[in-house]
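Let me begin by presenting the structure, written as structure tokens, before commenting on it.
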Number of protein chains: 2
Amino acid sequence: MSTTGKTLVRGDQIGGYSLEDVEARLESGKGISGVCKTDLPTPSLLLDLDLFEANIETLARHAASRSIGLRPHSKTHKCPEVARRQLEAGALGISTATVSEAETMARAGISGLLITSEIADPNKFQRLVRLTRHHPDTMAVVDHPWQAEKMNEAAEAGGVRLNIMVDIDPANRRTGVEAGEPALRLARKVDRLPHLNLRGVHCYCGKSSHVHGFEERRRHSMKSLAAPLETFFRMKQEGLPVEIFSGCSTGTYNIDPEIEGITEMQAGSYVFMDLDYRLIGGRGGEFYDDFKSALTVLSTVTSRNLPGQATLDAGLKAFSTDRAFGPQPVGIEGAGFRWGGDEHGILVLDGAAADVRLGEKLEFYPPHCDPTVNLYDRIYCTRGDQVVDVWPILARGHR
Amino acid sequence: MSTTGKTLVRGDQIGGYSLEDVEARLESGKGISGVCKTDLPTPSLLLDLDLFEANIETLARHAASRSIGLRPHSKTHKCPEVARRQLEAGALGISTATVSEAETMARAGISGLLITSEIADPNKFQRLVRLTRHHPDTMAVVDHPWQAEKMNEAAEAGGVRLNIMVDIDPANRRTGVEAGEPALRLARKVDRLPHLNLRGVHCYCGKSSHVHGFEERRRHSMKSLAAPLETFFRMKQEGLPVEIFSGCSTGTYNIDPEIEGITEMQAGSYVFMDLDYRLIGGRGGEFYDDFKSALTVLSTVTSRNLPGQATLDAGLKAFSTDRAFGPQPVGIEGAGFRWGGDEHGILVLDGAAADVRLGEKLEFYPPHCDPTVNLYDRIYCTRGDQVVDVWPILARGHR
């Protein structure tokens with residue numbers, strides 16, 4: 001991985017701010033100018049604002065140039081401040097994975113919400129109804145007639161009309177109704193139910209997003225989307241009021257908009273990026289770097305007694321652990337990482353170009369951004385070495 | 001895995017409480033009697049109080065019978081309510097992984113805190129000093145003379161004496177000073193520094209805890225602890241004021257107390273248990289079930305369109321993902337699990353003894369309890385199908 005101009009911060013440069021000092025400055029409204037990132041408690045989640053803003057700009061421009069809508073996914077960031085910046089850059093609204101994420105975004109004044117996961121119990125049906133009462137443009141997905149009926153009943157009881165997308169399975173085998181007749185039957189049913197508004201088709205192929213190699217990824221995505229798109233066109237031909245076809249990930253942002261029919265994309269990871277997406281390969285080369293690695297975890301070297309390794313205060317609770325690879329240190333060529341336990345990581349220094357010292361603070365690129373962000377309560381925003389803002393990750397946790 | 005008397009809850013029995021209803025009842029002080037666990041939003045973390053109380057009782061009795069102290073580890077639960085119950089059952093205090101966990105426990109009135117991970121920067125030194133000012137019995141660990149010097153300086157500046165344990169590496173290769181002369185030199189240094197109180201030796205061997213098979217685990221633990229214990233005895237012979245030797249995990253609770261010299265144990269996972277510990281094997285058989293699986297995750301079947309599988313609303317953000325195996329469904333013999341993404345899990349029903357329906361709620365044993373608990377903000381406590389209490393997981397997140 002190429003470095004991004006981040007400099008290693010040495011232990012003897014650590015400032016004296018305690019957590020309370022940082023928090024007190026924030027709460028007093030004084031801001032945190034003068035707070036260096038090395039003053040922060042570790043492990044902490046850092047966002048390089050210059051890179052983050054470039055990522056938002058890159059996708060917004062691309063979407064505009066293809067005349068395609070953008071409803072970025074908040075499951076990556078769970079942070080209304082990020083959503084606000086996505087909307088300012090021209091997004092139509094925000095996609096959310098859960099009702100709880102949508103509720104949090106709505107409370108923060110975010111509109112144009114699309115909940116992309118199926119819901120299937122009274123608790124969530126009632127909450128969707130309540131959310132729609134206050135935010136009538138909220139949309140949800142269904143992939144089964146039972147859900148449509150239950151949502152229609154809840155909508156009637158709550159005195160609202162729910163906006164519904166038919167979720168079609170792009171052979172991803174996770175959620176969605178089968179393309180063709182089953183999807184058409186479900187769309188007709190939703191259209192007939194008096195308290196539901198049929199709005200369009202939802203079709204997200206997670207498997208396509210992570211296919212390595214641009215050409216292979218393109219073929220995979222085009223194949224996966226063919227039957228759902230054909231079904232969408234048949235719905236239109238029948239006169240069903242389907243306006244939206246929502247799909248498309250960070251991995252296929254420059255593939256899917258070329259396909260006729262897709263009206264909006266719901267990419268999420270592009271704002272932060274991670275090692276996982278970086279490794280899928282780009283249009284032009286081995287690494288996918290259309291979007292920049294803006295998110296890092298700051299950690300302290302807390303033990304340094306063994307040759308060839310240093311122990312860090314960031315472990316299984318500081319990074320996502322769902323991929324086969326761990327985080328990658330920023331700026332120390334040849335250094336590796338292995339897990340050391342819940343609160344410990346091991347920096348492997350055999351063959352590394354530089355040594356590290358006890359007390360030194362280091363940054364790491366996370367393996368997978370979404371579940372990493374989900375472990376933290378706040379994002380510290382930086383420009384260079386300075387902390388310039390702190391954003392609460394309000395939608396994490398399960399409610 | 002044997003079932004624990006939990007009954008499957010069918011979709012048509014789901015009650016009508018929304019999250020707000022549950023929360024409003026809690027906030028009004030009305031309690032949540034009458035709330036069934038199927039009323040809860042999913043995914044949710046459930047704790048079977050009968051099993052949990054039995055686990056606390058089992059370890060407390062064992063420790064008492066061996067005349068060994070118990071300072072249970074809060075990194076498992078991060079929940080002051082759990083810590084309180086451990087103290088009520090006779091624990092000397094609470095071990096914590098981080099300064100932040102210790103601060104949270106202290107705010108909740110928990111005393112006898114031992115922070116078991118090294119700290120190595122001004123932010124944490126200052127916070128340890130502040131914590132010790134209000135809770136003078138707080139203890140911390142060092143494994144390097146530099147740390148001892150810096151902590152002595154911080155203690156002098158803050159006008160406190162810090163209680164220090166020398167952390168000795170049981171060949172675990174994560175933290176700790178080498179047993180023998182290096183550890184003795186460090187202990188002498190701590191003892192000489194005017195603002196530090198040398199209290200004892202910390203020695204935790206995570207590798208021993210998870211050795212499969214009781215006899216193999218016993219041999220591993222005895223071998224790992226031999227040199228650290230010999231060093232502890234030499235410290236005593238020299239007249240160094242070392243009273244405490246702290247170590248011992250859930251996996252070695254019935255091994256280490258038999259070894260002369262260990263004064264207290266810091267087991268954590270025993271309160272909840274998980275699949276990981278269950279698989280290490282017990283004294284008497286294939287499964288380690290001295291402690292009962294009290295912790296589950298409640299999930300809803302949100303999509304059910306494909307033969308042989310059902311999609312759940314619990315994925316990478318609902319369960320720990322650091323082990324090679326996923327969660328296990330409770331009470332459906334032959335059913336399996338595979339990851340379906342950040343917010344999705346796939347219940348594999350090929351060969352399962354029962355089918356599941358759209359909207360049905362199911363419980364799962366987590367693969368690894370500590371990082372699973374860390375994903376949630378609250379624990380819903382149950383007796384049978386009734387929710388009887390809710391405990392906030394106050395120490396999660398990084399501060």
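Counting only residues that are within 17 Å of A:THR76 (Cα to Cα), within 14 Å of chain B (Cβ to nearest Cβ), part of a loop (DSSP other than H, G, I, E, B) and among the β-branched types (Val, Ile, Thr), the stretch A:106-120 holds 1 of them. Here is the figure for the stretch B:295-335: residues that are part of a strand (DSSP E or B) and surrounded by fewer than 18 Cβ atoms within 10 Å (Cβ to Cβ) total 0. Looking at the stretch B:330-344, can you tell me whether even one residue there is among the aliphatic types (A, V, I, L, M) and modelled with pLDDT under 95? Yes, the stretch B:330-344 contains at least one residue that is among the aliphatic types (A, V, I, L, M) and modelled with pLDDT under 95. Of the residues in the stretch B:65-76, at least one is crowded, with 24+ Cβ neighbours inside 10 Å, away from chain A (no Cβ under 12 Å) and either out of contact with any strand residue (DSSP E or B) (no Cβ under 7 Å at 6 or more places or on another chain) or part of a loop (DSSP other than H, G, I, E, B) (or both).
When A:LEU70 is tested against (1) in the same structural domain as A:ARG127 (by TED's automatic domain parsing); (2) modelled with pLDDT under 95, only condition (2) is not met. A:GLN126 passes every criterion in (1) at the interface with chain B (Cβ under 10 Å from one of its Cβ atoms); (2) surrounded by 23 or more Cβ atoms within 10 Å (Cβ to Cβ) apart from (2). For the stretch B:305-338, filtered to residues that are more than 21 Å from A:GLU118 (Cβ to Cβ) and in contact with a helix residue (DSSP H, G or I) (Cβ under 8 Å, 6 or more places away or on another chain), the residue that is farthest from the other protein chains (Cβ to nearest Cβ) is B:GLN328. State all residues of the stretch B:129-148 that are more than 10 Å from chain A (Cβ to nearest Cβ) and of a type in the set (S, T, N, Q); if no residue qualifies, say none. Answer for the stretch B:129-148, where residues must be more than 10 Å from chain A (Cβ to nearest Cβ) and of a type in the set (S, T, N, Q): B:THR132, B:THR138. Among (1) free of Cβ contacts under 8 Å to residues at least 60 places away in the same chain; (2) more than 12 Å from chain B (Cβ to nearest Cβ); (3) crowded, with 24+ Cβ neighbours inside 10 Å, there is one condition A:ALA97 misses while meeting the rest; what is its number? Only one criterion in (1) free of Cβ contacts under 8 Å to residues at least 60 places away in the same chain; (2) more than 12 Å from chain B (Cβ to nearest Cβ); (3) crowded, with 24+ Cβ neighbours inside 10 Å is unmet by A:ALA97, namely (2). Selection of the stretch A:357-399 for residues being part of a strand (DSSP E or B) and of a type in the set (Lys, Arg) yields A:LYS361, A:ARG378, A:ARG383. Tell me which of these A:VAL160 doesn't satisfy, since it passes every other one: (1) more than 15 Å from A:ARG234 (Cα to Cα); (2) within 24 Å of the chain's Cα centre (by Cα). A:VAL160 satisfies every listed condition except (2). When each of B:GLY359, B:GLY345 is tested for being open to solvent by less than 10 Å² (accessible area, probe 1.4 Å) and either touching a helix residue (DSSP H, G or I) at 6+ places or on another chain (Cβ under 6 Å) or in the same structural domain as B:GLU81 (by TED's automatic domain parsing) (or both), the lone residue that passes is B:GLY359. Taking the stretch A:162-177 as the search range and keeping residues that are touching a helix residue (DSSP H, G or I) at 6+ places or on another chain (Cβ under 6 Å) and either more than 11 Å from A:GLY206 (Cα to Cα) or of a type in the set (Asp, Glu) (or both), which one is surrounded by the most Cβ atoms within 10 Å (Cβ to Cβ)? Going through the qualifying residues, I end up with A:VAL166.
The values are calculated or read from the model by the stated rules, or taken from the named source; none is laboratory data. Since this is a predicted model, take the numbers as computed values, not measurements. Please note: Cβ atoms are built from the backbone with ideal geometry, for glycine as well, and neighbour counts cover all protein chains shown. Just so you know, the surface numbers come from the protein's heavy atoms only, side chains and all, with ligands and any DNA or RNA stripped out. Shrake-Rupley method; radii C 1.70, N 1.55, O 1.52, S 1.80 Å.
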